[in-house]
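Worksheet: the structure to be examined is printed underneath.
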Amino acid sequence: MKIAIIGGGISGLSAAFRLERARRDGADVRYTLFEASDRLGGVLRTERVDGCLIEAGPDSFLSEKQSAAELCHELGIADQLVGSNDAHRRTYILVKGRLVEMPDGLQFMVPTKLMPTIMTPLFSWGTKLRMAREVFARPHTSNGDESAAAFVERHFGSEVVDRLADPLLAGVYGGSAERLSVRAVLPRFLDMEAKYGSLSRAMLAAMKKRPANGPRPVFTSMKDGMQQLVDAVAAQLDPDAIRTGARIKALAREHDEWVVLREYSTAYRFDRVILATPAYIAAGLLRTVEPRLAGVLGETAYSSSVTVALGYAAAGYDGRGGKREDGFGFLVPRSEGKRLLACTFVHNKFPHRAPEGQLLLRVFLGGSNDAEVLQIPDEEILRTVRVELRQILGLTAEPAFSRIYRWERSMAQYEVGHLERVAEIERLRAGAPGLALAGNAYRGIGVPDCIKSGMDAAVETLRQQPANA
Ligand SMILES: Cc1cc2nc3c(=O)[nH]c(=O)nc-3n(C[C@H](O)[C@H](O)[C@H](O)COP(=O)(O)OP(=O)(O)OC[C@H]3O[C@@H](n4cnc5c(N)ncnc54)[C@H](O)[C@@H]3O)c2cc1C
């Protein structure tokens, strides 16, 4: 059976890895992975500058999602996994121009500890009262979907949407709480609401049930950065099966075969196709052969983002009031009127990211509310970032280096109605023989979700017998 994989990000690579394992185990399978750019990994990309390890895209994955660590075990690189420095796990929120620490006990946006919630300057007294009343909320099951903002506002009020839900979701999805679907992005909270009513009570009950095998770091990365995962997968694949610099233009079907059309009119024939590109690319490729599926795929919204890494020599920064900011970094609510969405203090978050005493910051811009940032030239982005870092951190030092990375339309937006759209995509895809889809547009945006989507697509493809067998 001949299988084409289109897209060499972590989703397509994971599909290829599973097929390679099947091939080595004796399955009659040959695969070819087509990647448009000249490198594998998609948005996973690590660079080293002046002794600092810079992540251009994702810097880690959630430890509680198993697929990424499992893949590392299969690859024999589990000893390369590193946990975040959770002793430093403090996050700040910019409130009226000042950084306020997120109170202890806040689980995502749900308060679980009384005193820190009462004492924090993060919320007004009105919001604190509302949080206290939330404990008495009655179980409630929503009929349809709603925005994450509407859901959170129902529980804790609009200030929590502005200061927590929106910036936190912007950090994960590059999206806005007003448009993201609660069913798709906060499904656990919906279950809690249905069972307990109060999210605070539900969270406390869930915390009690947690296994007592010691706290696991919240985030996991690789010693040499996320690129290490990409390189380890690529090293296990058949080199003849990898085509980089190979942009696919269209797909067609002839009899029982898929015809994969590359630039310059080259055509290849396959029994199966795994499409591991963003949904809008998949839509373009399928336009003539599966027009209805292409139509629904094309409806998936995407946001763009820019990440900027800045390195500072040890002597260059004393911090506001002589004190360096500690913790993992800060989030900026939209109401603060800044271009920065978030900033990670990389030197604190993971070990060995910057030489001792040096500062490595990574800031995020863009997201669904600021698509224009992609059009701004590098010098202007850098100027804006430096102005805002000066305002927020009192950081006036000249960075020893900076790097800017642009990610155009790379984050799928799970907007209200997302799960219905995915169900429709699934239904239409099932009617297209030998076609599988993988990537961040369907059932999870994070690296582990994408690994799982690639693996699942490969397993499903192997399970289907060739139509002409
Ligand atoms: C800035 C940023 C930060 C992130 N941070 C985190 C994080 O910290 N933790 C986390 O878990 N997740 C994070 N994510 C999300 C996660 O990294 C992505 O969802 C995931 O890596 C997407 O992988 P993918 O393979 O599906 O897509 P991509 O990485 O986009 O790969 C798709 C590939 O398809 C190729 N392609 C496109 N068109 C064609 C064509 N016509 N022919 C052939 N090839 C084509 C592209 O060149 C690309 O290589 C982040 C994402 C971004 C952008």
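Here, each number is a calculation from the coordinates, and none is a lab measurement. Values in this document were obtained by computation on a predicted structure and should not be read as measured data. Methodologically, a virtual Cβ is constructed for each residue, glycine included, from the backbone with ideal geometry; neighbour enumeration extends over all protein chains shown.
From the mean inverse distance of alpha carbon pairs (Kirkwood) and the Cα radius of gyration, derive Rg over Rh for the range 383-428.
Ratio of gyration radius to Kirkwood radius for the range 383-428: 1.36.
With all distinct Cα pairs included, what does the Kirkwood hydrodynamic radius of the range 224-348 come out to in Å, to one decimal, could you say?
Values: mean 1/r = 0.0510 Å⁻¹.
By the Kirkwood definition, the hydrodynamic radius is 19.6 Å.
Which value results for Rg/Rh of the range 352-468 when Rg is the Cα radius of gyration and Rh the Kirkwood radius based on the inverse mean 1/r? Walk me through the intermediate numbers first.
Working: Rg = 21.2 Å, Rh = 18.4 Å.
Ratio value, two decimals: 1.15.
How big is Rg to Rh over the range 1-147, alpha-carbon atoms, Rh as the Kirkwood inverse-mean-distance radius? Provide the component values of the computation, followed by the final result.
Working: Rg = 23.0 Å, Rh = 20.5 Å.
Rg/Rh for the range 1-147 comes to 1.12.
Under a crude label model (7 Å from the Cα following the beta-carbon direction), how far is T141 from E426 in nanometres?
1.9 nm
What does the charge count around I425 come to, taking other residues whose C-beta lies under 13 Å from its C-beta (Lys +1, Arg +1, Asp -1, Glu -1)? Write out the running numbers ahead of the final one.
Working: positive: R292, R421, R427, R429, R443; negative: E290, E299, E420, E424, E426.
Summing Lys/Arg as +1 and Asp/Glu as -1 gives 0.
Using only the alpha carbons of the chain, determine the length spanned along each of the three principal axes and report them from longest to shortest in whole angstroms.
On the principal axes, the chain reaches 69, 55, 45 Å in Cα extent.
Holding the Cα-Cα limit at 18 Å, pick out from K96/K338; K113/K208; K2/K452 the pairs that are longer than that.
On the way: K96/K338 11 Å; K113/K208 13 Å; K2/K452 22 Å.
Too far apart for the 18 Å limit: K2/K452.
In 10 Å bins starting at zero, report the fraction of Cα pairs in the range 64-201 per bin as a rounded %.
The calculated distribution, bin by bin, is 11, 35, 32, 16, 5, 0.
Determine by what factor the alpha-carbon radius of gyration of the range 140-257 differs from 2.2 N^0.38 Å, reporting the quotient.
Values: Rg = 21.6 Å, N = 118, 2.2 N^0.38 = 13.5 Å.
Output field value: 1.60.
In sequence order, what are the phi-derived ³J(HN,Hα) couplings for the range 34-45 according to the Karplus relation 6.51 cos²θ - 1.76 cosθ + 1.60 with θ = phi - 60°, rounded to whole Hz, with x for glycine and proline?
Working through the residues one at a time gives 9, 10, 5, 7, 8, 9, 8, x, x, 7, 7, 7 Hz.
Taking amide H positions as placed in the peptide plane 1.01 Å from N, state which residues far from G367 in sequence (5 or more) or on other chains have amide H under 5 Å from it.
Excluding prolines and chain starts, which carry no amide H, the hits are S304, S305, V306.
Quick one: Debye curve from the C-alpha atoms of the range 21-76, no solvent, what's log10 I(q)/I(0) at q = 0.26, 0.27 Å⁻¹?
The Debye formula, applied to the Cα set alone, gives -1.10, -1.10.
Only sites in a loop by DSSP and with at most 11 other Cβ atoms within 10 Å count here; which trypsin sites (Lys or Arg not before Pro) in the range 323-359 make the cut? List each step's numbers first, then the result.
Values: sites: K323, R324, R334, K338, R339, K349, R353; in loops: K323, R324, K338, R339, R353.
Sites meeting the loop and neighbour criteria: K323.
Can you pull the three principal axis extents for the Cα set of the range 242-294, in Å, largest first?
29, 27, 19
Could you give the spread of the C-alpha atoms of the range 5-46 along their three principal axes, from largest to smallest, in whole angstroms?
On the principal axes, the range 5-46 reaches 34, 17, 12 Å in Cα extent.
What Kirkwood radius, in Å to one decimal, follows from the Cα pairs of the range 276-426? Don't skip to the answer; put the middle values down first.
Numbers: mean 1/r = 0.0567 Å⁻¹.
Evaluated over the range 276-426, this radius sits at 17.6 Å.
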